[in-house]
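This report concerns only the one structure given below.
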Amino acid sequence: MSKPHLLFLHGALGSKQQFQELTTKLSDSFTCHAINLPGHGGELIPPGGLGFDGFASAILTYLNKENITSTHLMGFSMGGYAALYFAHKHPDRVNKILTLNVKFNWDPISTAKETGMLDPDKMMEKIPGYANNLILQHGLNLWKNLLAGTSEMMKKLAETVVLSEAELAEIKHPVLLGIGDRDKTSSVAETLKVFSLLPDARLWVLPDTAHPFEKIPLSRIETEIRLFF
């Protein structure tokens, strides 16, 4: 019997590299895939900038290239929203969806806070280790463009609705919404709101867990993936 496909989608400023250890652990039960979304991991930013239409197009292109009829999706942060958006646009290509620490509420105050942290000069001064990691992931000549593109995308998210409440209610797939109880980027409250809108949703609150993917024990994520998928 062939193993089910499972596609991993990274968060903003991340790349497919963050899933390498996890996909290795899960390869006994799943055919694992991970892609770099536009603008990330050396991929160029499209002419229209970063956005979920472009992310959905990249996912569809990958599935078609690999002859994958349908797949499970696991998305962290921005990747989780991309998973839901893709499922709404291409419902027949998705089986189940697991999201983790997705920011759903892009109000002006929290958006200003998020975009304020995307200044490359301030990063090099205050958190040089993180800045150098971005250079390694995305390229010396591309990381600043990614920061600017991400900032612009976030500002647009505060002005427009990507998935309306009505559109969320149209996503019929089984969805597991994971959220850390100490996440300062997203929140349990906004995740609960989406949970109430999705027809077939489950809620997974991770105790004593903040936003960064790297700080969440992989064993915890692996266990939940195996149980849900």
Review point. Within segment 1-31, how many residues turn out to be over 13 Å from F76 (Cα atoms), open to solvent by 40 Å² or more (accessible area, probe 1.4 Å), without any contact (Cβ under 8 Å) to a residue 60 or more places away in the chain and not in a strand (DSSP E or B)?
Key: 7
Practice item. Sort out which residues of segment 101-122 are assigned to a helix (DSSP H, G or I) and either among the acidic types (D, E) or open to solvent by 40 Å² or more (accessible area, probe 1.4 Å) (or both), and write them in order of number. Key: P108, I109, A112, K113, E114, G116, D121, K122
**Study point:** Residue selected from segment 147-169 under the condition surrounded by 15 or more Cβ atoms within 10 Å (Cβ to Cβ) and not in a helix (DSSP H, G or I), by the criterion farthest from the chain's Cα centre (by Cα)
**Key:** A158
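Conditions tested, residue by residue: (1) within 22 Å of H10 (Cβ to Cβ); (2) open to solvent by 50 Å² or more (accessible area, probe 1.4 Å); (3) touching a residue at least 40 places away in the same chain (Cβ under 8 Å).
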site	(1), (2), (3)
I179	yes, no, yes
R182	yes, yes, no
T185	yes, no, yes
L197	no, no, no
P207	no, yes, no
H211	yes, no, yes
E222	yes, no, yes
Review point. Quick check: is even one residue across segment 123-133 in a loop (DSSP other than H, G, I, E, B) and either of a type in the set (K, R) or crowded, with 18+ Cβ neighbours inside 10 Å (or both)?
Key: no
Practice item. Would you point out which residue out of L136, L176, L142 is of a type in the set (A, V, I, L, M) and in contact with a helix residue (DSSP H, G or I) (Cβ under 7 Å, 6 or more places away or on another chain)? Key: L176
Review point. So which residues in segment 61-91 are under 22 Å from A158 (Cβ atoms) and either of a type in the set (G, A, S) or part of a loop (DSSP other than H, G, I, E, B) (or both)?
Key: G75, S77, G79, G80, A82, A83
Exercise for review: Scan A34, A58 and give me the residue that is open to solvent by less than 40 Å² (accessible area, probe 1.4 Å) and either touching a residue at least 40 places away in the same chain (Cβ under 8 Å) or assigned to a helix (DSSP H, G or I) (or both).
Suggested key: A58
Exercise for review: Filter segment 37-50 down to the residues that are small (G, A, S) and closer than 14 Å to L142 by Cβ, then identify the one that is least open to solvent (accessible area, probe 1.4 Å).
Suggested key: G39
Review point. Of (1) surrounded by 19 or more Cβ atoms within 10 Å (Cβ to Cβ); (2) within 25 Å of E214 (Cβ to Cβ), L136 satisfies all except one. Which?
Key: (1)
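The values are calculated or read from the model by the stated rules, or taken from the named source; none is laboratory data. Everything numeric in this text was worked out from a predicted model, so none of it was measured. Cβ atoms come from the backbone with ideal geometry, glycine included; neighbour counts cover every protein chain shown. Surface accessibility is based on the protein's heavy atoms, side chains included, excluding ligands, DNA and RNA. Shrake-Rupley method; radii C 1.70, N 1.55, O 1.52, S 1.80 Å.
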